[in-house]
Amino acid sequence: MRKIIIAASLAAACIATAVAAGTAKHPHPVDFSFKGVFGTFDRAQLKRGFQVYKEVCAACHGLKLVAFRNLKDPGGPEFTEAEAKALAAAVQVPSLDENGESTTRAGTLADHFPSPFANDLAAKAANNGAVPPDLSLIAKGREGGADYLHALMIGYAETPPEGFTVPDGTYYNPYMAGGVIAMPQPISDDQVDYVEENIPQTVDQYGKDVAAFLMWAAEPKMEARKQLGMGVIIFLSLLSVLLFLSYRRVWRNVDH
Amino acid sequence: MASGPSTYKPSNGLTRWLDERLPLMRFANDNLLSFPTPKNLNYAYTFGAILFYCLVVQIVTGIVLAMHFIPNSALAFNSVEYIMRDVNYGWLIRYIHMNGASFFFIAVYVHIFRGLYYGSYKAPREVLWILGVIIFLLMMATAFLGYTLPWSQMSLWGANVITNLLGALLGTDFTQWLWGGYSVDNPTLQRFFSLHYLLPFVILGVSVLHVWALHHVGNNNPTGIEVKGPQDTVPLMPYYTAKYFFVIALFTIAFAAVVFYAPNLFGHVDHYVPGDPLKTPAHIAPEWYLGAFYAMLRAVDFNFILDSKVLGVLVMLGAIAILFLVPWLDTSKVRSARYRPVYWWCFWIFVANYAVLSWAGLQPAGTVLFQTGVDADGNPVGFNITHLSQIGTLYYFGFFIVIMPLLGLFETPRPLPDSIATAVLAKKKGGGAAPAGAAAAPETRV
Amino acid sequence: MSASTHDDATRRDFLYVFSGAAAGVGVAVTAWPFIDQMNPSAATQALATTEVALAAIPEGQQITVMWQGKPTWVRKRTAAEIEQVRAMPDSALKVPEADQSRTKKPEWLVVIGICTHLGCIPNRDNVGSPGGYLCACHGSVYDASGRILRGPAPLNLEVPPYEFVSDTLLRIG
């Protein structure tokens, strides 16, 4: 009884929080392959999402919690070791030369994705006073998660309502709390050339792919987690049955 | 001890030798194996064992996490992500620890509500109850400290709010002493880590006292009638150990469902954003299990003799302090709500009220629930979260200060059974009514 | 009565034994992640190999690189040094081992620079053994192949696993 009340209160809390999160429009749920108890990532989608990140987002947004070696790990885009090495080598990472001066060198699998700016102050100066956030955890760090990230990409197409003023240096996007965002529309149709022929090269598709990639970047162990969970819960269910029968047998001859 | 003199007999030379020097086996036998426990305990009485299980899980996962966590403000957040991504099974251990805290509180709330329902706080169990409230306080402190460690936005700002609250009462010298600086920063994190590691062992110690106090007077039971003889009890092992194993397995299924399929259900998205002392999150909220006290704190939005901020802190602390007085506030001679029809209703309303307060504490301040109009700026006005919290706080205190003392004087209880054994027999006969006449010699059954 | 209690007893025992065994398996499986988390993490394993550019090392010179946290010497030996170590008789060695089995290419010596006695780092030396090493801590002397000649060290310097990815790139580990 208590648990039902608490569960119901929690559910109400979640809904109320979402509604009350200011004036942000609620993102339309996307049918991502990784949702649900049996959800898994779509490898091809993760590869496309990585391509979008690399060609478009990486100019301003870091991904510092992800290492190049993660690109070949099971449960992710699953590039081959050779592909991952090549992707790493194509990126310049900070290093020191023999005189101890800052320089750069080609990345290795052990390196993490570099941040495009040396520090927050440099990032602010280059971006109108706003720091483009690192994207490693953005899918878990924002209400709405991957759905929100996709919605944000397509939200730029919407026109502001009558009388809504968009301050200089910002752009209208209904999915941001307050309706304005400092980032200009980052991507347009046909900007990224996908290898696959049958995938549309639209902002909507780019948004879905990069959102899925960022979900993996935030939670690379998701598939392992769900798989292990299935085994654990099945085992515990069987064990509970055995323990229940044992309990009943112990108490068989006692009135209680 | 409620079980009477020890029945342990050392079985061989070695155990006899040990028993004369340190009666460990005797202690284990008397308290864990043969302890006579009322035979009518229901599932609400298994949560003590579940809580001990939760404590062990938290300590084991916590010690392992401490092998990888770095308690320094520049490195803490990334060290937690290192655990999630690079440490073998780190993600599992972190999610267990994080959700273990929530499940620990789910179990403690069931356990506390059980005590309130069955009158387990009444004489001679006052000290048992008080030790329990102390454990509850220690749990809240431990959970708060633990939540600050990842140094996320919510960690930082939650720490800020709570330490400032204490400052409202005790002054800025106190907060600077607590912080180790002029604001929440690295020194604060380092000492919070040390205390977070320490307190669970204090909880362990107080839990030992708690079980000792329980065993000295004996368990309460759903009838509220004390044990009259061996016909009312069964030895803890195997009867209740079998029940504990089963219920712990069930509890673990629920726990696993959250850990593996909804690990961030109880959390806030801002816990995944690194802490920034220059940017307050839109919506600072505590973890759900502290929601009710936070609601009561925020409910005081007016001045009365004292400033509303100070008053709010006093009300919040008072809400916890009142729990210590419960054994003396309830004047009823009848223990169990089973036989107290008015108290039964008041109790369930209390539970619902506490759940609503918990929810309210998590909502953004000022959220309007039923709009009645708009103010000068066009913002909605009406019945809002603060009003709801005020009503909830009134009932919370009213339950302890008004209902408990008065009901005992005016309520007519239902007829009580003569003993546990009689009640059990009556239930077996299919009914449970009219125990008053069944006074005859209780049958002894094996 | 006795027959049913006997049956009762075996059925009851089997259930308890089976439940206990299942619970035991559960506990053992649960214990594994707690043990495995102490094994080197993925980040540490990523640093399990080190690559060295060989073009920058002139003949007769040695560089020290860190491999798995240990100082590892990569040394380009001169022809004279190679001839000298290969001419060394077994009787002069405390632990006889041919130089050919300690190197893949004669001019490149790759050894871990940790004395096998008690762990100090030996220095380049030309007194005790020309072109060799002397450990200042307790006086162990190694030759230009890293083999122990005299002193308390019990073993030759350890040769890590390595391979030549190309003529100019060495991968250790």
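A few remarks follow.
- Search result, residues across the range C:32-62 that are without any contact (Cβ under 8 Å) to a residue 12 or more places away in the chain, hydrophobic (A, V, I, L, M, F, W, C) and surrounded by 11 or more Cβ atoms within 10 Å (Cβ to Cβ): C:Trp32, C:Phe34, C:Ile35, C:Met38, C:Ala42, C:Ala43, C:Ala46
- Condition check for B:Phe77: within 14 Å of another protein chain (Cβ to nearest Cβ) and surrounded by fewer than 20 Cβ atoms within 10 Å (Cβ to Cβ): no
- Test result for A:Ala218, away from every other protein chain (no Cβ under 12 Å), at pLDDT 95 or above, buried (at least 18 other Cβ atoms within 10 Å of the Cβ) and within 30 Å of B:Ile96 (Cβ to Cβ): no
- From the options A:Asp168, A:Asp193, residue that is more than 19 Å from the chain's Cα centre (by Cα) and modelled with pLDDT under 95: A:Asp168
- Scan of the range B:42-72 for residues that are more than 14 Å from chain C (Cβ to nearest Cβ), farther than 30 Å from B:Leu214 by Cβ and surrounded by fewer than 19 Cβ atoms within 10 Å (Cβ to Cβ), ordered by number: B:Asn72
- Test result for B:Val234, in a strand (DSSP E or B), at the interface with another protein chain (Cβ under 10 Å from one of its Cβ atoms) and in contact (Cβ under 8 Å) with a residue 12 or more places away in the chain: yes
- Checking each residue in the range B:386-431 for being within 13 Å of chain A (Cβ to nearest Cβ) and either within 28 Å of B:Ala319 (Cα to Cα) or part of a loop (DSSP other than H, G, I, E, B) (or both) picks out B:Leu388, B:Gly392, B:Ser419, B:Lys429, B:Gly430.
- Applying the criterion of being touching a Gly at 6+ places or on another chain (Cβ under 7 Å) and at pLDDT below 90 to the residues of the range C:41-83, the residue that is farthest from the other protein chains (Cβ to nearest Cβ) is C:Gln68.
- Meets criteria (farther than 27 Å from A:Glu98 by Cβ, modelled with pLDDT of 95 or more and not in a strand (DSSP E or B)) for C:Val95: no
- Out of A:Ala88, A:Ala106, A:Ala67, A:Ala118, sole residue that is within 14 Å of chain B (Cβ to nearest Cβ), in contact with a strand residue (DSSP E or B) (Cβ under 9 Å, 6 or more places away or on another chain) and of a type in the set (A, V, I, L, M): A:Ala67
- Candidates B:Ala355, B:Ala440 - the one that is of a type in the set (A, V, I, L, M, F, W, C) and modelled with pLDDT under 90: B:Ala440
- Pairs are defined by a Cβ separation below 8 Å, a sequence spacing of at least 6 or placement on different chains, a first member in the range A:182-207 that is assigned to a helix (DSSP H, G or I) and surrounded by fewer than 18 Cβ atoms within 10 Å (Cβ to Cβ), and a second member that is modelled with pLDDT of 95 or more and not polar (S, T, N, Q); the pairs so defined are A:Asp204/A:His150; A:Asp204/A:Met153; A:Asp204/A:Ile154.
- Test result for C:Asp36, within 11 Å of chain B (Cβ to nearest Cβ), under 26 Å from the mean Cα position of the chain (by Cα) and either closer than 30 Å to C:Leu149 by Cβ or modelled with pLDDT of 90 or more (or both): yes
- Only a single criterion out of (1) among the basic types (Lys, Arg); (2) surrounded by fewer than 17 Cβ atoms within 10 Å (Cβ to Cβ); (3) in a strand (DSSP E or B) is not satisfied by C:Lys104, namely (3).
- Filter result for B:Gly312 (assigned to a loop (DSSP other than H, G, I, E, B) and either farther than 30 Å from B:Phe410 by Cβ or touching a Phe, Trp or Tyr at 6+ places or on another chain (Cβ under 9 Å) (or both)): no
- A:Ala139 being within 14 Å of chain B (Cβ to nearest Cβ) and more than 27 Å from B:Leu265 (Cβ to Cβ): no
- Test: B:Arg21 is over 19 Å from B:His216 (Cα atoms), over 28 Å from the mean Cα position of the chain (by Cα) and among the basic types (Lys, Arg): yes
- Restricting attention to the range B:349-371, the residues that are hydrophobic (A, V, I, L, M, F, W, C), facing another protein chain (nearest Cβ under 9 Å) and part of a loop (DSSP other than H, G, I, E, B) total 0.
The values are calculated or read from the model by the stated rules, or taken from the named source; none is laboratory data. Keep in mind it's a predicted model, so treat the numbers as computed, not measured. A quick note on method: Cβ atoms are made from the backbone with ideal geometry, for glycine too, and the neighbour counts reach across all protein chains shown.
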